[in-house]
Amino acid sequence: MKAEIKNTLLKLMGSRCFKPFILGLTILFAPFITSSLLAAEAASKKVEDTPWTLWKEADKLSLSFRPYKKTGLIEIQAQARLPSSLSGFLLFLQDYPLIPNWLDNAKEAYLIEQVSDTENLFVTRFKRIWPVSEREMVIRSRYWQNPDLSVELAVQDASHEVDNPLNIIRIKLIKAHWLLSPISSKEIQIQHTIIADPGGSVPLWLANKVSLRSMWNTLNAMDKQLSTSPWQQMPIPWIREK
C-alpha cells in the first residue's frame, strides 16, 4: 500500500497539474511564512537595539555590555584609542607566541594554518583560574581594508576544524568583530565586540564577570605595549595608513 502511494506521488510530481498545486500551497501558506520571517527579523532587531550598559571607562578606554537574547550571556563592546598604526596593530595581533603577554589569562597561542595573507586559523589556550578550568578557543580570522581606510576583522569559531585529543573544554565564539579606524599614522580607534559561551558548568554570571574584567585588563595591556612593539616599524604592503 505504501509503495502504491509513493508511486502515485511520484507520478503527480511529474505531471503538469503538480505545479499549480504547489503554487496554491505557496499562496495559501505565504502569509504564515512571511509573518514568521518578519517576527524573526523583529526579534533580531530588538536584540541589536538593546542599549549598552557602561561597565568601566578611563581616559581612552571604555567597556560596555548588554544581554544577549535570553541566554544569560552578554555581548561585550570595547572601545579604545591606542598608540599604533593599522599595520602595527594587525601584526601585533598575529604574533601568536607573544599573545599571552597582553591577552589576559592566556596560557599560549599558536598558528594552525595561514590560509592566506589576510586569513589565519589559530588556537588560544587559557589558564585554569579557580573555579574555571583550563579552556581553549579555536578561531578563524580574516581582515580587509575599506575605502575610508578603516580595517575590519571578521572572527569566527572554528572548533569543528581542529581535533581536540586532550578533550579540553572549548569556548564557543558566537560573535566577534574588530573595527580599526585610523586617527593618525600613529594612533587608531578600535571597536571590538564579542559574545562567547565559556562551555562546561561555569555559572554564566561568573563567566560574564570574568570576561569583563579580562577584557579590561587586555585593553590596558595593549595600550602599554603597542607603542614599543617592534611591529610598529613593519608596514603591511596592502594596508594604507592615514
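The values are calculated or read from the model by the stated rules, or taken from the named source; none is laboratory data. Bear in mind that the values here come from a model prediction, so they are computed numbers and not experimental data. Using ideal geometry, Cβ is built from the backbone for each residue, glycine included, and neighbour counts are taken over all protein chains shown. Ligands, DNA and RNA are excluded from the accessible area calculation, which covers all protein heavy atoms including side chains. Shrake-Rupley method; radii C 1.70, N 1.55, O 1.52, S 1.80 Å.
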> Of the numbered conditions (1) in contact with an Asp or Glu (Cβ under 9 Å, 6 or more places away or on another chain); (2) under 15 Å from Leu90 (Cβ atoms), Ala221 satisfies every one except a single condition; which is it?
Replying inline: (2)
> Can you find even one residue in region 212-226 that is charged (D, E, K, R) and not in a helix (DSSP H, G or I)?
Replying inline: no
> Given the structure, is Gly72 among the small types (Gly, Ala, Ser), on the phi > 0 side of the Ramachandran plot and at pLDDT below 95?
Replying inline: yes
>> Suppose we filter Val132, Val123 for residues that are at pLDDT 95 or above and aliphatic (A, V, I, L, M); which single one remains?
In response: Val123
> Hey, among the residues in region 206-232 that are open to solvent by 30 Å² or more (accessible area, probe 1.4 Å) and in contact with a helix residue (DSSP H, G or I) (Cβ under 8 Å, 6 or more places away or on another chain), which one's nearest to Ile194 (Cα to Cα)?
Replying inline: Gln225
>> For region 195-205, give me the residue count where each residue is open to solvent by 30 Å² or more (accessible area, probe 1.4 Å), touching a residue at least 12 places away in the same chain (Cβ under 8 Å) and over 18 Å from Ile139 (Cα atoms).
In response: 3
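Being open to solvent by 70 Å² or more (accessible area, probe 1.4 Å), of a type outside the set (Ser, Thr, Tyr) and in contact (Cβ under 8 Å) with a residue 60 or more places away in the chain, is that true of even one residue in region 81-98? Give the derivation first.
If we filter region 81-98 for residues that are open to solvent by 70 Å² or more (accessible area, probe 1.4 Å), which is where we start, we get 81, 97-98.
Applying the additional criterion that residues be of a type outside the set (Ser, Thr, Tyr) yields 81, 97-98.
Filter again for in contact (Cβ under 8 Å) with a residue 60 or more places away in the chain, leaving 81.
There is at least one residue in region 81-98 that is open to solvent by 70 Å² or more (accessible area, probe 1.4 Å), of a type outside the set (Ser, Thr, Tyr) and in contact (Cβ under 8 Å) with a residue 60 or more places away in the chain.
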> What are the residues in region 170-194 that are touching a Lys or Arg at 6+ places or on another chain (Cβ under 9 Å), crowded, with 18+ Cβ neighbours inside 10 Å and of a type in the set (A, V, I, L, M, F, W, C), if any?
Replying inline: Ile171, Ile188, Ile190, Ile194
